[in-house]
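Undergrad: Next up is a structure, given as structure tokens.
What follows draws every value from the coordinates through simple rules; no lab data is involved. Not measured: the values here are computed from a predicted model. Every residue, glycine as well, gets a Cβ built from its backbone with ideal geometry; the counts of neighbours run over all protein chains shown.
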Amino acid sequence: MREAITRKCDLMIENWKLIHKGFWLENSSIAAIAAATFAEKDRDVDIEMLKECHKILKKKEGIFSEFRGSSELIVTAKMALSADPEGYLEDVTGVYKKFQKGKFWESHYRALAAMTICDVGRASEADAIIEKTNEILKGMNKAHPFLTSDEDTSFAVLLAISGKKTEDILEELEETYQSLKKKFSLHDNAVYSLSQVLTSYEGGAQDKADKAIDIYDAFAAAGAKYGKGYELASLGTLIGINAGPDDIAAEVAETADYLKGNKGFGAFDMGKATRLMFGTMMVAGDNSDENYKVGASVISGAVARVVAEQTAMLVAIMAASTSSATTSSSH
């Protein structure tokens, strides 16, 4: 495992320990996302600052806010990393209100989408991006009404900021989905999410789909089968890495194995598929600076990391929500 990834993993692990100590009731995977958020910025967690930001969030946003609950620790981490925590929260909630215009139900997926817009420095363009996001969602719903839901907003906003025309996005998305669903039968929702992530990047639809499949097969051949559930979407963040599928899968699997031996990432904390997703997040983020493209040009490492980060955040929140629903049902 390369030294840069080892160092980032070690920082994420130490950050998780600090966060777990300060927020011990928090879901382990959500805490891991927050820890990774700091690690991606090469920052140690300042637990006191994190708690102060948590207080600000609770003061500014009511208990039923979509920036509370499952998203709460992630938003708090983003605030703590910003130069102006209150200003960051105001920007994000302001963009979210624009997303909510004309909507009756609140949505933590739209909350994540609002964070994406702010994290890539496009808050001033929020109106245009939201309009385009809604156009993309409308087109997706027309093509696949049973697959498209509010959950897709977080990925649709990535498509909206890609610089591609809406009609081209929808055409490529459909081509990608049709290519992938043959491989991942009976997992249509996960395949559609993966298709959205792949469409965010440049390149031919078939080429990207083929590489994603090749990477998936490489994981299986290495004895580290990638998840076909919520985690599948994160596979798309690996396609821009300038390496062969076997090398990519080997590096992610090695990273996941390294994480497995540490509290917060072990067998009692998360499943193999989720741990591989975190390995993917570390590897994709480390390779992002020169290899990822969105729109017409190579995007900055910061934007590329947001793609990997938001994918993992969405997966963790969806998994946590599913777990909570299951627990409530059993009671």
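Undergrad: Just to be sure I understand, how many residues within the stretch 71-85 are touching a residue at least 12 places away in the same chain (Cβ under 8 Å) and out of contact with any His (no Cβ under 6 Å at 6 or more places or on another chain)?
TA: 10
Undergrad: Collect the residues in the stretch 236-248 that are of a type outside the set (Val, Ile, Thr), closer than 21 Å to Gln196 by Cα and part of a helix (DSSP H, G or I), keeping them in residue-number order.
TA: Going through the stretch 236-248, the residues of a type outside the set (Val, Ile, Thr) turn out to be 236, 238, 240, 242-247.
Next, from what is left, pick out any that are closer than 21 Å to Gln196 by Cα: 236, 238, 240, 242, 245.
Hits for the stretch 236-248 are Gly236, Leu238, Pro245.
Undergrad: How many of the residues in the stretch 1-39 are of a type in the set (Ser, Thr, Tyr) and surrounded by fewer than 23 Cβ atoms within 10 Å (Cβ to Cβ)?
TA: Result for the stretch 1-39: 2.
Undergrad: Search the stretch 189-200 for residues that are over 12 Å from Val157 (Cα atoms) and touching a residue at least 12 places away in the same chain (Cβ under 8 Å) and pair each with any residue that is surrounded by fewer than 24 Cβ atoms within 10 Å (Cβ to Cβ) and β-branched (Val, Ile, Thr) when their beta-carbon atoms are under 6 Å apart and the residues are at least 6 apart or on different chains.
TA: Here the result reads none, with nothing in the stretch 189-200 linked to a residue that is surrounded by fewer than 24 Cβ atoms within 10 Å (Cβ to Cβ) and β-branched (Val, Ile, Thr).
Undergrad: Could you list, in sequence order, the residues of the stretch 230-269 that are touching a residue at least 60 places away in the same chain (Cβ under 8 Å) and not hydroxyl-bearing (Ser, Thr, Tyr)?
TA: Glu231, Ala233, Gly236, Gly240, Glu251, Glu254, Leu259, Asn262, Lys263, Gly264, Phe265, Asp269, listed by residue number.
Undergrad: Report whether or not Tyr192 is of a type in the set (Phe, Trp, Tyr), outside any loop (DSSP other than H, G, I, E, B) and out of contact with any Lys or Arg (no Cβ under 8 Å at 6 or more places or on another chain).
TA: Spelling it out, Tyr192 is indeed of a type in the set (Phe, Trp, Tyr), outside any loop (DSSP other than H, G, I, E, B) and out of contact with any Lys or Arg (no Cβ under 8 Å at 6 or more places or on another chain).
Undergrad: State which residue is farthest from the chain's Cα centre (by Cα) when the search covers only the stretch 195-208 and only residues that are surrounded by fewer than 24 Cβ atoms within 10 Å (Cβ to Cβ) and of a type in the set (Gly, Ala, Ser).
TA: Gly204
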